[in-house]
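Q: This structure is in structure tokens; I'll ask about it shortly.
The values are calculated or read from the model by the stated rules, or taken from the named source; none is laboratory data. Everything numeric in this text was worked out from a predicted model, so none of it was measured. Virtual Cβ from ideal backbone geometry, glycine too; neighbours counted across all protein chains shown.
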Amino acid sequence: MFEQELRPYQDRLAQHPIYGAIRSVEHVRIFMSHHVFAVWDFMSLAKRLQRDFTCVELPWMPVLNEDSARLINEIITGEESDIGHDGHPVSHFRLYLDAMTEVSAPTEKIDTFIHQFAHSYSLGKSLDQSRAPAYVKTFVKHTIKTARNSSTAEVASSFLFGREDPIPQMFQTLMERWGLTAHQAPKLTYYLNRHIEVDSGDHGPGAQKILSRLIITPQVREKALQAAIDAIEHRIKLWNGIYREIKKSDAYA
């Protein structure tokens, strides 16, 4: 689906210089302290799809497509309450925060954002108070705007091509470049390996099936394609920003 149209964008993402720039634990810390916002906002796309494909209102009503309902519920279960490296349930967001602590990556920005948003429900103000850089704010705002305002097909396309589809290759490349072992960083390597496993083996194919059921007209296809392009381009811009941060740290080293 969209293979020919998306190839140039996917190649740009796969060949991004950020993968070769991360060469030290300090680089990993910089990467994680900004990428964590993408780990957080991912769930808003997933939850929007769960809302569209299942019944989360009272009283309960039967859904129109049990296959899509089951697929998105399986994805949500894995993301929101997966089994951690210690055998206990944990969300992938919490697992990522634990991995950040493990490598001493700063969590102040994401902690401040979560705290402020929980009390104000203002995305813009919470991002400002977190002191996240502009490129992180742009990425998060685009994700939440998509989750709130786009059609189901557009959200599914953004979810698939901006998240589930590229993540296994991205994380595999990062694992190879970082050279971190399970002994050095057990929580981080578990998180990365877990995403490589479930996104390529379960979640990615599941998201493909969900989207394919939604592409019922040329107009829907066109909008879904544009949503995929926008998602990949915003990921590239996020990588651009983190890459600049890493290079800046090298200049001061």
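Q: So which residues in the stretch 175-188 are surrounded by fewer than 17 Cβ atoms within 10 Å (Cβ to Cβ), outside any helix (DSSP H, G or I) and either on the phi > 0 side of the Ramachandran plot or in contact with an Asp or Glu (Cβ under 8 Å, 6 or more places away or on another chain) (or both)?
A: Residue satisfying the conditions is Gly179 alone.
Q: Enumerate the helices (runs of 4 or more DSSP H) found wholly within the stretch 31-131, keeping only those where 3 or more residues are in contact with a Cys (Cβ under 8 Å, 6 or more places away or on another chain).
A: Those helices (runs of 4 or more DSSP H) do not exist here; none qualify.
Q: While we're looking at this one, here's another question. Consider only pairs whose beta carbons are under 6 Å apart and that are at least six residues apart or on different chains; among these, list those whose first residue lies in the stretch 141-154 and is crowded, with 16+ Cβ neighbours inside 10 Å and whose second residue is of a type in the set (Asp, Glu) and part of a helix (DSSP H, G or I).
A: Correct list of pairs: Thr143/Asp41; Thr152/Asp52.
Q: Among residues belonging to the stretch 47-68 that are in contact with a helix residue (DSSP H, G or I) (Cβ under 6 Å, 6 or more places away or on another chain), at pLDDT 95 or above and not aromatic (Phe, Trp, Tyr), point out the one that is farthest from Asp111 (Cα to Cα).
A: Val63
Q: Tell me yes or no: at least one residue of the stretch 179-189 is in contact (Cβ under 8 Å) with a residue 40 or more places away in the chain, out of contact with any Lys or Arg (no Cβ under 9 Å at 6 or more places or on another chain) and of a type outside the set (A, V, I, L, M, F, W, C).
A: Checked the stretch 179-189: at least one residue is in contact (Cβ under 8 Å) with a residue 40 or more places away in the chain, out of contact with any Lys or Arg (no Cβ under 9 Å at 6 or more places or on another chain) and of a type outside the set (A, V, I, L, M, F, W, C).
Q: Hey, another quick one. Return the pairs, sorted by first residue and then second, in which the second residue is surrounded by 18 or more Cβ atoms within 10 Å (Cβ to Cβ) and among the β-branched types (Val, Ile, Thr), the first residue lies in the stretch 43-72 and is farther than 15 Å from Ala156 by Cα and free of Cβ contacts under 8 Å to residues at least 24 places away in the same chain, the beta carbons are less than 6 Å apart, and the residues are 6+ apart or on different chains.
A: Val63/Thr54
Q: While we're here: Out of everything in the stretch 212-253 that is modelled with pLDDT under 95 and either buried (at least 18 other Cβ atoms within 10 Å of the Cβ) or polar (S, T, N, Q) (or both), what residue ends up being nearest to Pro17 (Cα to Cα)?
A: Ser249
Q: Also, I was wondering about something else. Among the residues of the stretch 152-174, is there at least one that is at pLDDT 95 or above, more than 17 Å from the chain's Cα centre (by Cα) and in a helix (DSSP H, G or I)?
A: yes
Q: For the stretch 21-61, which residues satisfy the criterion of being of a type outside the set (D, E, K, R), farther than 20 Å from Tyr135 by Cα and either surrounded by fewer than 21 Cβ atoms within 10 Å (Cβ to Cβ) or over 17 Å from the mean Cα position of the chain (by Cα) (or both)?
A: Ser24, Val25, Gln50, Phe53, Thr54, Cys55, Val56, Leu58, Pro59, Trp60, Met61 - these are the residues of the stretch 21-61 that are of a type outside the set (D, E, K, R), farther than 20 Å from Tyr135 by Cα and either surrounded by fewer than 21 Cβ atoms within 10 Å (Cβ to Cβ) or over 17 Å from the mean Cα position of the chain (by Cα) (or both).
Q: If I ask for residues that are of a type in the set (Ser, Thr, Tyr) and surrounded by fewer than 17 Cβ atoms within 10 Å (Cβ to Cβ), which ones from the stretch 62-90 would you list?
A: Result: Thr77, Ser81.
Q: Continuing with the same structure: Given the structure, is Gln4 surrounded by 14 or more Cβ atoms within 10 Å (Cβ to Cβ) and either of a type in the set (Lys, Arg) or in a helix (DSSP H, G or I) (or both)?
A: Judged against the criteria, Gln4 is not a match.
Q: So, of the residues in the stretch 119-140 that are more than 16 Å from His34 (Cα to Cα) and either under 20 Å from the mean Cα position of the chain (by Cα) or of a type in the set (Phe, Trp, Tyr) (or both), which turns out to be surrounded by the most Cβ atoms within 10 Å (Cβ to Cβ)?
A: Leu123
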